[in-house]
Structure formats: C-alpha cells, structure tokens
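Contents: one structure, followed by commentary.
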Amino acid sequence: MLSLGLISAQQILHPVVVEEATGTWCGFCVRGAVYMDQLTEKYGDDFVGIAVHNGTNDPMVVPTYDQGTTNFPNFSGFPSAIVARKHLVSPEDIETPFLQEAAIAPTVDLTATATYDKVTRELVVNLSSTTTKNYVAPKFFIALIEDGVTGTSAGYNQSNYYSGGSLGPMGGFENLPNPVPANQMVYNHVARALFGGFNGLSGSIKSPWLANKTATYEYSGYIIPEEFNIAKCHVVVGVMSNENKFLNAAKISLEEATASVT
C-alpha cells in the first residue's frame, strides 16, 4: 500500500467534503482512488469523499455532478480533487487542505436523518441546522454515494498508467494490467445521485438566515435503483454558503436505516 506523508495531528472540528474528478478512461485516476481510500481509512467519516465520474463510456457518471465539477474555477484535468469547494488539488495533496478546513470551527451545526422504505426504496432525508452568523441565500446540499461498486461491462475496465511500475508504486495498481479488467475493479465513494444541483438545493434555507435561527428541510421522492446496494450507500449532506462553499457536512449510512450526526 502507498504510504501517506506524515502530517502533524490537528483537531478535527467537523467533517469536510472532498470531491474527486475521476473516470474509468483516465489512466492516472487510479492515483485518486488510492488516496481517497487511504484518507477514508485514516479519518473515517470526517473525510467525506465523493468520486465524481466522467466520460462517455464510464457507466458511473452523474451528468449534473460531472458538469459542475469540470466547470469548477481553474479545473484543468483528471484526476483532481476539490476540498470544501475552496481548494483544487491533485489527489496526493488532499490531506493538507483537508486538515486545514477540518480545523476551522464551523459557524453552523448540522443534524441529518436518512430513511428508506424497504418496499418502495424511497429515500427521505431530513436536515436541521442552526447558525451562529447571519447568512444570505445559504442552502442545503444532498448527494448519494456508494462503495463497492462493480460491473461486468467494458465500461468498468479501469485505465491504469501505473501498470508495470515505471511510475513507481501506487497502492498495488503497479502490479495490475492496463486496463484493469472490470472483474478486478471495485469502485468506492461513487457519486450515484445529486439532489438539487452542484451548488445545492436552492431555496432550501429561507433567506436571510439569521444568527441563532434553525433551518429545517425534508427531501423525498427519490427511488433508489435496484442495482444500488443499500448496505454500501451513504447520504452526504451539507450546508453551503451563497458563495457555494461548504460550511459543514456529514455522511450518514443507509445500512443503519436511520442515523444522526452533528
């Protein structure tokens, strides 16, 4: 396994969203998969990783999410990672801005519950947040992600420029072929659905949002497709400013049916 560099321990005050631009067509994107997995293992649910897929033949693309990611200011190529909607970095450089953002005391708290009907597979998300500052035009953010995604079609083959080891070690991908056949690939953190849009659910928090006031919101009506594994799905929630930066975030498991985080 590729080792992460040593970074001084810092207090983590809230979870941080990290959106990775990736694609099965992208030979360098296995680098993103390696670092996203390692940082998730290291920081748990405080590291809210989302793999946003791109490409005509990539079966995991969510078009609205892909378009928003590739239109992010100064976006220049794959793989890239967007940390808290403030920092655009290469995957190997995620940890430093992640820790910087996690160490900033949040101005809003965030509580979320997610439930689904086992018969209809309808997802319902309830959000509640109280602010310590005044905000104009903030909004809630909701996305669905899935770990352990596999497939049998050629679209699930992963291009792998690290094959053969000429570029050095990369979490074991140096020992795999180019492309890596679909039956040898497992994709984690995969963005499966985006509710509202890349910049959140417009109007989900009444503006102006004044200090010490609580905002609530319920999202319903989304039917989780049969091919999604509920046991591997998480809902990512957040509060965004009018500048489309994350003020706070959380990741909740659907396997537990109902979960809450603050």
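The values are calculated or read from the model by the stated rules, or taken from the named source; none is laboratory data. Small disclaimer: the values here were computed from a predicted structure and weren't measured. Here the Cβ positions follow ideal geometry from the backbone for every residue, glycine too, while neighbour counts run over all protein chains shown. Note: accessible area is taken over every heavy atom of the protein model, side chains too, but ligands, DNA and RNA are not part of it. Shrake-Rupley method; radii C 1.70, N 1.55, O 1.52, S 1.80 Å.
What the table below lists for this structure:
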| read-out | value |
| --- | --- |
| Members of the stretch 172-198 that are open to solvent by less than 60 Å² (accessible area, probe 1.4 Å) and either assigned to a loop (DSSP other than H, G, I, E, B) or in contact with an Asp or Glu (Cβ under 7 Å, 6 or more places away or on another chain) (or both) | GLY172, LEU176, PRO177, PRO181, MET185, ASN188, HIS189, VAL190, ARG192, GLY197, PHE198 |
| Filter result (open to solvent by 50 Å² or more (accessible area, probe 1.4 Å) and in contact with a Ser or Thr (Cβ under 6 Å, 6 or more places away or on another chain)) within the stretch 121-158 | ASN126, THR132, LYS133, VAL136 |
| Selection count, the stretch 120-137, where residues are within 12 Å of SER241 (Cβ to Cβ) and of a type in the set (A, V, I, L, M) | 2 |
| Positions within the stretch 185-218 being among the basic types (Lys, Arg) and touching a residue at least 12 places away in the same chain (Cβ under 8 Å), in sequence order | ARG192, LYS213 |
| Unmet requirement for GLU218, which otherwise passes all of (1) more than 17 Å from LEU110 (Cα to Cα); (2) not in a loop (DSSP other than H, G, I, E, B) | (1) |
| Yes/no for ILE252 being modelled with pLDDT under 95 and out of contact with any His (no Cβ under 8 Å at 6 or more places or on another chain) | no |
| Neighbours by Cβ (under 6 Å, 6+ apart or cross-chain): first from the stretch 161-176, more than 19 Å from ASP37 (Cα to Cα); second among the charged types (D, E, K, R) | GLY165/GLU174 |
| LEU88, sole failed condition from (1) part of a strand (DSSP E or B); (2) of a type outside the set (D, E, K, R); (3) over 30 Å from PRO179 (Cβ atoms) | (3) |
| Candidate set: the stretch 15-28, residues that are of a type in the set (Val, Ile, Thr) and not in a loop (DSSP other than H, G, I, E, B); chosen: the one surrounded by the most Cβ atoms within 10 Å (Cβ to Cβ) | THR22 |
| Pairs where the first residue, in the stretch 111-126, is closer than 15 Å to ASN229 by Cα and the second is acidic (Asp, Glu) and surrounded by 14 or more Cβ atoms within 10 Å (Cβ to Cβ), C-beta under 7 Å, 6+ apart | TYR116/GLU122 |
| Of all residues making up the stretch 130-148, the number that are assigned to a loop (DSSP other than H, G, I, E, B) and closer than 16 Å to PRO59 by Cα | 2 |
| Members of the stretch 29-81 that are of a type in the set (Phe, Trp, Tyr) and either loosely packed, with under 15 Cβ neighbours inside 10 Å or farther than 19 Å from ASP147 by Cα (or both) | PHE72, PHE75, PHE78 |
| Lone unmet requirement of (1) of a type in the set (S, T, N, Q); (2) open to solvent by 80 Å² or more (accessible area, probe 1.4 Å); (3) part of a strand (DSSP E or B) for ASN212 | (3) |
| Test: residue in the stretch 149-171 that is assigned to a strand (DSSP E or B), over 25 Å from VAL61 (Cα atoms) and at pLDDT 95 or above | no |
